[in-house]
1. When region A:3-52 is examined, which residues are found to be more than 18 Å from residue B:43 (Cα to Cα) and not in a helix (DSSP H, G or I)?
2. Going through region B:176-191 one residue at a time, which ones are within 23 Å of residue B:209 (Cα to Cα) and surrounded by 11 or more Cβ atoms within 10 Å (Cβ to Cβ)?
3. Please go through (1) modelled with pLDDT under 95; (2) in a helix (DSSP H, G or I) for residue B:165 and return the number of the only condition it doesn't satisfy.
4. Of the residues that make up region B:200-208, is at least one within 14 Å of chain A (Cβ to nearest Cβ) and over 20 Å from residue B:66 (Cα atoms)?
5. Answer yes or no as to whether residue B:234 is closer than 28 Å to residue A:34 by Cα and either modelled with pLDDT under 80 or facing another protein chain (nearest Cβ under 7 Å) (or both).
6. Of the residues B:33, B:43, which is at negative phi and within 12 Å of chain A (Cβ to nearest Cβ)?
7. Name the residue, out of B:44, B:19, B:83, B:71, that is touching a helix residue (DSSP H, G or I) at 6+ places or on another chain (Cβ under 6 Å) and assigned to a helix (DSSP H, G or I).
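The values are calculated or read from the model by the stated rules, or taken from the named source; none is laboratory data. Since the model is a prediction, treat every value here as computed from it, not as a measurement. Note that we place each Cβ from the backbone using ideal geometry, even for glycine, and neighbour counts take in every protein chain shown.
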């Protein structure tokens, strides 16, 4: 396990690279979903406004 | 022509929305499965490189992101061209959705390349032709996003952004051929070349899996963003309001990590 994390002495580089990739992509997935939900909530609020 | 064109636009946005709603949940899970397989394969099963040791494992994230950075730009440019010629609005929305995702892949390609360059080349950054043209790509994505934010009038906005995107296409072949045109630091292509790939199958398979996973992830995020943009624009349209009152819209917004 330690040997795997160590990556033959390149652990810091390898794991930072994967870490950056993971964080950036996760932020992307979340922001795409947040945008969709925001617009959906806006549309639902608009419908309720027009009904009352 | 003038009578059916607005109708056609509406139909295509609606069709696009319905289509995305149907495939997004499936796409999310398939993407996750492929990415996890590629990741596990690349980190655990792929053999150690005889020259670079374990540091080469950065390839499984670096190369797919670099490919995606160019692929996303080409998709954005294709959408811009179609939008300029046929005025299909959904193409403008899809191009808008692509820009931040393409910028993210470019950022990952640059950052991971830098982290790979330090142990292998002895430097985080050099003004090598490949590195410089990829940095220009990042600025092109930023430029496209900034221009869109700067213009309020919708018709001018779409056209101006599409034109800028198309101008930037020049940079794509420069990135691709930079390693052949200028003999600086970045190594030439190992896979995207005329002859057979100079990489062993045990490393090529996880690399291609990661590339496929990234492509699907891009589609997943771009479809979801485009759906959001469709709601934003069509907020008062009958079909959307009907769907909302039937409560048939996926409120969770798909699956995935």
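1. Matches in region A:3-52: A:52 only.
2. The answer is B:176, B:188, B:189, B:190, B:191.
3. Answer for residue B:165: the failing condition is (1).
4. Within region B:200-208, not a single residue is within 14 Å of chain A (Cβ to nearest Cβ) and over 20 Å from residue B:66 (Cα atoms).
5. Answer is no for this residue.
6. Result of the check over B:33, B:43: B:43.
7. Criteria check complete, one pass: B:83.
A quick yes/no check of all residues on (1) more than 10 Å from chain A (Cβ to nearest Cβ); (2) without any contact (Cβ under 8 Å) to a residue 24 or more places away in the chain; (3) more than 26 Å from residue B:146 (Cβ to Cβ):
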site	(1), (2), (3)
B:57	no, yes, yes
B:66	yes, no, no
B:72	yes, no, no
B:87	yes, no, no
B:91	yes, yes, no
B:94	yes, no, no
B:97	no, no, no
B:107	no, no, no
B:114	no, yes, no
